[in-house]
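Below is one structure, written out as structure tokens; the observations come after it.
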Amino acid sequence: MKPVNPNGGLVYSTETGRMCPGCRLPIAQCACKKAVAPATDGVVRLFFETKGRGGKGVTVVRGLGLAEPELAALGKKLKAACGVGGTAKDGVFELQGDHRDRVLALLQAQGFKSVKKAGG
């Protein structure tokens, strides 16, 4: 028998584990956390990193302050403009290779006022 929340929603399932009280989905698929934009100081920073990637370099974009759906949409535009692959996770976007100059121009064209190169 599955425990039931007094509000009528499922609390735990042996099939999917813990359930989110807000959206009633499994925690791994929770829609609540994806709808909230992470806090930012208003400055978008572009980094070039190789650490933990087997020597392969990636352009990392931090500080966008976008929720997951908007971050994924912007990432799709950046990937298409640079002609490379990439990923969006935890409020950070990564593009394969060093594309800081191109990304800087693209983000400024998209309306981001303060975009800076940071790091090496």
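Here are a few things to note about the model shown:
- Multiplying the residue separation of residue 113 and residue 76 by 0.36 nm and subtracting their alpha-carbon distance yields 11.3 nm.
- Peptides 71-81, 19-29, 55-65 ordered by average Cβ neighbours within 10 Å, highest first: 55-65, 71-81, 19-29
- Whole-Hz Karplus values for segment 72-82 come out as 5, 5, 5, x, 4, 5, 5, 4, 5, 5, 8 Hz, taken residue by residue from phi with 6.51 cos²θ - 1.76 cosθ + 1.60 and θ = phi - 60°; glycine and proline positions read x.
- For segment 44-117, alpha-carbon Rg over 2.2 N^0.38 Å: 0.99
Only the coordinates and a few stated rules stand behind these numbers; no lab work does. As the structure is a prediction and not an experimental result, all values here were calculated from the model. So basically every Cβ, Gly included, is an ideal-geometry build from the backbone, and we count neighbours across all protein chains shown.
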